[in-house]
Amino acid sequence: MTKFLLCVHVLAAIITIGPVTVAASMFPAVARRALADADAGVDGGAAVLPAARTLHRICRVYAVIAVAVPVFGLATANSLHVLTSPWLLTSIALTAAAAAVLGGLVLPRQAAALAGLRTAVDEQRAAPAVLRALAQLGTYTGLFNMLWATVTVLMIVRPGSTTGA
């Protein structure tokens, strides 16, 4: 049963967290392109706006589905009897932090940026406030990605683990 739980946990992480990290990372650049196109009058930026919407939707949907990752992770940890291991407790804390960054900082700012983009495209001009928000969004997305990278390393290395390498 442990191997099954571990397989589902790892597959869930790859299938759900991967798309969120990629889509969240791509969003600021795509949004900046839509703003630049709107400002330059190139199709009013409308051609790029659907891509930004799609990236935001990917982030929202996969963030919800990604709840399976810690659920199966905790089941696996329980099966391996490592629930009190420092590396696992640190991973749990970092996972919670990553979820908070995604849900509290990245997704709301993406939604706000999309609203600003719609206005910029309609008026065919760049919005400085949206550009500033996109710069912040890039920072928060980088933090989210760094947290997940750290969790991944902890899951592989498991410092201090006695269950084997």
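Worth a mention:
- Residue within region 28-41 that is modelled with pLDDT of 90 or more, among the small types (Gly, Ala, Ser), open to solvent by 30 Å² or more (accessible area, probe 1.4 Å) and at negative phi present: yes
- Residue in region 114-126 that is within 30 Å of Thr152 (Cβ to Cβ) and either assigned to a helix (DSSP H, G or I) or free of Cβ contacts under 8 Å to residues at least 40 places away in the same chain (or both) present: yes
- Selection status of Arg109, touching a residue at least 60 places away in the same chain (Cβ under 8 Å), among the basic types (Lys, Arg) and open to solvent by 60 Å² or more (accessible area, probe 1.4 Å): no
- Unmet requirement for Ala23, which otherwise passes all of (1) closer than 29 Å to Val153 by Cα; (2) open to solvent by 60 Å² or more (accessible area, probe 1.4 Å): (2)
- For region 120-146, taking the residues that are more than 21 Å from the chain's Cα centre (by Cα) and surrounded by 14 or more Cβ atoms within 10 Å (Cβ to Cβ), the one that is farthest from Leu94 (Cα to Cα) is identified as Gln124.
- Listed conditions (1) part of a helix (DSSP H, G or I); (2) open to solvent by less than 20 Å² (accessible area, probe 1.4 Å); (3) touching a residue at least 40 places away in the same chain (Cβ under 8 Å) are all met by Ala77, apart from (3).
- In region 46-59, the residues that are under 13 Å from Ala29 (Cα atoms) form Cβ pairs under 8 Å with partners that are open to solvent by less than 60 Å² (accessible area, probe 1.4 Å) and charged (D, E, K, R), at six or more places apart or across chains, as follows: Val48/Asp37.
The values are calculated or read from the model by the stated rules, or taken from the named source; none is laboratory data. Please read all numbers here as calculations on a predicted model, not as lab measurements. Cβ atoms come from the backbone with ideal geometry, glycine included; neighbour counts cover every protein chain shown. Only protein heavy atoms, including side chains, enter the accessible area calculation; ligands, DNA and RNA are left aside. Shrake-Rupley method; radii C 1.70, N 1.55, O 1.52, S 1.80 Å.
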